[in-house]
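*Asks:* To start, I am sharing the structure in question, which I have written as structure tokens.
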Amino acid sequence: MRKRITATLLAAMMALSTAACGGQGQTQSSGGNDTIVIGSVQWNGVFSPFFYDSSYDSQIFSLTQETVLETNANNELIDNLGHIDEEVVGKGDNQKTIYTIKLNDGVKFSDGSDVTIDDLIFTYKVLADPNYDGMDTFRTTVNIEGINEYYYDDPNYSEKLDQVNKQAEEYSKDKEKFIEYLVDTKCEDMFTEVGQDPDGEDGPLTSWTDYLKDKGFEISEADAKDEAKLLKALAECEYETNKDSYDALSYYEEKLSKDLVADGLSDGIDVTEISGIERVDDLTCKVTVNGVDMNALRTLGLEPVVPSAYYGEGFEKGNLEGVKDKNDKPMGTGPYVFVSNKDNVVKMEANENYRLGTPKTKYVAFQVVESDQMADGIINGDIDIATPPASTETVEKMDNAGVHYDLFDNNGYSYAAISAKRIPDKNVREGLMHLMTREQAISTYYGKLAQVIERPMTTILPEYPQDAKEYWGYDPEKALECFKKAGYEQKNGKLVKNGKQLVVEVGVSDASTSPVTPIFTQMKNDMEKMGAKLNITDVNFSILLNRVNSDDIDMWTMGWGNSQHCDLTQLFGSEYTKNGGSNRTWIKDKELDQLLEEVRSTLDVEKRKELVAEELDLIMSWATYMPLFQRKNMMAYSSNINLDTLPKEQSMFYNYVNEIEKLELNQ
């Protein structure tokens, strides 16, 4: 790959493996004979290797970026912009790994300026910055010597951090501080406004006054109209009646940690460098990592080498506004130069300073195309490259049209997830797990093009437990038992607790065409028979993403893609429940955190397999995550593409993007 794409939401840049069929009369795409048109689902417009939050954005800026290493078709690291040597020194607690990174001489950015090791060090510094709030897990993934001292701007940060954690624990046990947390977070966003219906249209309550009265609390009519007084009353009510559903400890740990960071910067910059990153010369640096880490080489080698003069204009530690100013204008050493983003089209032009020579095709255009329209777009020649959903219907359509396509096992998977904040009772979550029947829905939609999986990890990784058995199983009777354990009872045809019906909302992007919709349709029918309700919300992907990140939905279905290793820290680690993280089930589990750390430090594959199997079982036990299926991906090409210019060896880890400078259109 030309850049590191971390585990993200449903991957848009698909890799290739098995060739299928090809050949039909040549057509011309909407881009003309000098433009490759790539179909894409709607992007967010954050084309930054630091701050993107969608793989549809990353597929665009990846053509402008490159990394020191890249992966080959077998997911092995190979040299790209340079080379990295690895040396383990010392033993036991004193063991360290030294990585010597050497960039190739003569590489230039697209503006013609020379690439130096300072540009890579700048990338590392941005990702380690105290105010970095993007998705990348660089600082916490690799234990670089001195990186936390840099982050907290304090050589003695560890003692102060211990004090912060101790204080956070004290605050979480103090009634006044707990209520203060509830007020500050508006009861974890349960409260939005005075006139809000607290349990929605389907519930019996019509006002916050009703809600408080139902819990045994009274509020005057005047106070009920005053937001501050109403919120204070609600916080006190939640503390007395529902305290265990909230997480004051995490709130204060994050808040006090941010305060510690701010305090470190308030008196000026004390720690200007990361001590474990040593500049050797214009093209070389050494990075010292504490201990041994299976991910360190991959992480160091697959971060982008960006032009520090461009992204770092006005940069100083603690202030990344200048870096964010370039979010919509990416630049790097890659084969193409960003030109514009207008009217659902991103246009890019060949980089004349590209180290491997100017690309054969002058322009690349990314065109927004709904996923269910991609196959027709390829067949009609409106777009040249796309990743239509690989259904039996699509395969038949492509075969009949004589379109060339490739199929491969996806290096990701689809899943359903539940917010443990919004549904804190594990019994309720277990009941929902028992109502997911996956096999029929997936086989009906995909046939042999997908398989149901039992653990939240792509099966193509060697650590996936191939003998994993179904954890929950579809069983409506057990589901009802779980709901009753949670305190629900069937009255007058409704499943209620304290007079409130069980109502759950699940978000599905493009529900009318999604293969998982039948799973939730069956769940909806089963819940209705019990007297509960499941509301299936058909929502645009970007809106669904925003709702998930703001904890505004009970349950959702999405997918992870481009998984290259078995480290699941970013998805399930406690640290990543914080803003900018990817753990949106909100579970914090110290036992899992320890297992995740053991996996990262275990180089023996067989031992690592045992640890991964254990941690995956633990994740399943939370009843917040149901892996649904792993599918085959399709990459389709219009007849405009000269198939002889595609890479000879391809896989999910290496595809046309890696050699796009060679890709040509038929003339």
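The values are calculated or read from the model by the stated rules, or taken from the named source; none is laboratory data. Source: prediction; values computed, not measured. With ideal geometry, Cβ positions are generated from the backbone for all residues, glycine too; neighbour counts draw on all protein chains shown. When the accessible area is computed, the model is the full protein with side chains, heavy atoms only, and any ligands, DNA or RNA have been set aside. Shrake-Rupley method; radii C 1.70, N 1.55, O 1.52, S 1.80 Å.
*Asks:* Take the conditions open to solvent by less than 20 Å² (accessible area, probe 1.4 Å), part of a loop (DSSP other than H, G, I, E, B) and not aliphatic (A, V, I, L, M) and apply them to Asp136. Does it pass?
*Replies:* Values: open to solvent by less than 20 Å² (accessible area, probe 1.4 Å): no; part of a loop (DSSP other than H, G, I, E, B): yes; not aliphatic (A, V, I, L, M): yes.
It is false that Asp136 is open to solvent by less than 20 Å² (accessible area, probe 1.4 Å), part of a loop (DSSP other than H, G, I, E, B) and not aliphatic (A, V, I, L, M).
*Asks:* Now for a different question. Does the range 456-464 include one or more residues that are open to solvent by 50 Å² or more (accessible area, probe 1.4 Å), at pLDDT below 95 and not aromatic (Phe, Trp, Tyr)?
*Replies:* From the range 456-464, those open to solvent by 50 Å² or more (accessible area, probe 1.4 Å) are 460, 462; that's our starting set.
Filter once more, so that each one left must be at pLDDT below 95: 460, 462.
Now restrict to residues that are not aromatic (Phe, Trp, Tyr): 460, 462.
Yes, the range 456-464 contains at least one residue that is open to solvent by 50 Å² or more (accessible area, probe 1.4 Å), at pLDDT below 95 and not aromatic (Phe, Trp, Tyr).
*Asks:* So which residues in the range 257-269 are of a type in the set (A, V, I, L, M, F, W, C) and crowded, with 17+ Cβ neighbours inside 10 Å? So that I can check it myself, show each step before the final result.
*Replies:* Taking the range 257-269 and keeping what is of a type in the set (A, V, I, L, M, F, W, C), we get 260-262, 265, 269.
Correct list: Leu260, Val261, Leu265.
*Asks:* Would you pick out the residues in the range 512-534 that are touching a residue at least 40 places away in the same chain (Cβ under 8 Å), open to solvent by 60 Å² or more (accessible area, probe 1.4 Å) and within 19 Å of Gln490 (Cα to Cα)?
*Replies:* Lys529, Lys533
*Asks:* Further question on the same structure: Can you find even one residue in the range 187-196 that is among the hydrophobic types (A, V, I, L, M, F, W, C), in contact with a strand residue (DSSP E or B) (Cβ under 9 Å, 6 or more places away or on another chain) and part of a helix (DSSP H, G or I)?
*Replies:* no
*Asks:* I've got another one for you. Scan the range 183-207 for residues that are in contact with a Gly (Cβ under 9 Å, 6 or more places away or on another chain) and either at positive phi or at pLDDT 90 or above (or both) and report the count.
*Replies:* Summing the residues that are in contact with a Gly (Cβ under 9 Å, 6 or more places away or on another chain) and either at positive phi or at pLDDT 90 or above (or both) in the range 183-207 gives 1.
*Asks:* Here's a follow-up. Please specify each residue of the range 582-624 satisfying the condition of being open to solvent by 10 Å² or more (accessible area, probe 1.4 Å) and outside any helix (DSSP H, G or I).
*Replies:* Scanning the range 582-624 gives Ser582, Arg584, Trp586, Ile587, Lys588, Asp589, Ser601, Thr602, Leu603, Asp604, Trp622.
*Asks:* Which residue out of Ile84, Ile98, Ile78, Ile121 is within 25 Å of Asp328 (Cα to Cα) and either modelled with pLDDT of 95 or more or not in a strand (DSSP E or B) (or both)? Break it down into steps so the answer makes sense when it comes.
*Replies:* On the way: Ile84 fails: within 25 Å of Asp328 (Cα to Cα); Ile98 fails: within 25 Å of Asp328 (Cα to Cα); Ile78 fails: within 25 Å of Asp328 (Cα to Cα).
After applying the criteria, what remains is Ile121.
*Asks:* Follow-up question, since we're still on this one. Can you report the number of residues in the range 424-452 which are buried (at least 22 other Cβ atoms within 10 Å of the Cβ) and β-branched (Val, Ile, Thr)?
*Replies:* Residues meeting the conditions: 2.
*Asks:* While we're on this one: Based on what the data block shows, is Lys648 surrounded by fewer than 23 Cβ atoms within 10 Å (Cβ to Cβ) and in contact (Cβ under 8 Å) with a residue 24 or more places away in the chain? Before you say what the answer is, go through the steps one by one.
*Replies:* Values: surrounded by fewer than 23 Cβ atoms within 10 Å (Cβ to Cβ): yes; in contact (Cβ under 8 Å) with a residue 24 or more places away in the chain: no.
Spelling it out, it is not the case that Lys648 is surrounded by fewer than 23 Cβ atoms within 10 Å (Cβ to Cβ) and in contact (Cβ under 8 Å) with a residue 24 or more places away in the chain.
*Asks:* It is to be established whether one or more residues within the range 273-281 are farther than 30 Å from Pro335 by Cβ, open to solvent by less than 40 Å² (accessible area, probe 1.4 Å) and either at pLDDT below 95 or under 25 Å from the mean Cα position of the chain (by Cα) (or both). Walk me through how you get there before you give the answer.
*Replies:* Initially, the range 273-281 is screened for residues farther than 30 Å from Pro335 by Cβ, giving 273-276, 278.
From what's left, open to solvent by less than 40 Å² (accessible area, probe 1.4 Å): 274, 276.
If we keep only those that are either at pLDDT below 95 or under 25 Å from the mean Cα position of the chain (by Cα) (or both) too, we end up with none.
Looking through the range 273-281, none of the residues is farther than 30 Å from Pro335 by Cβ, open to solvent by less than 40 Å² (accessible area, probe 1.4 Å) and either at pLDDT below 95 or under 25 Å from the mean Cα position of the chain (by Cα) (or both).
*Asks:* Sticking with this structure for a sec: Does Val337 count as more than 27 Å from Thr100 (Cα to Cα), of a type in the set (A, V, I, L, M, F, W, C) and over 24 Å from the mean Cα position of the chain (by Cα)?
*Replies:* Numbers: more than 27 Å from Thr100 (Cα to Cα): yes; of a type in the set (A, V, I, L, M, F, W, C): yes; over 24 Å from the mean Cα position of the chain (by Cα): yes.
Yes, satisfied.
*Asks:* Do you know which of the residues in the range 389-403 that are within 14 Å of Asp376 (Cβ to Cβ) and of a type in the set (S, T, N, Q) is farthest from the chain's Cα centre (by Cα)?
*Replies:* Within the range 389-403, the match that is farthest from the chain's Cα centre (by Cα) is Asn400.
*Asks:* Would it be correct to say that Lys360 is within 16 Å of Gly447 (Cβ to Cβ) and open to solvent by 60 Å² or more (accessible area, probe 1.4 Å)?
*Replies:* no
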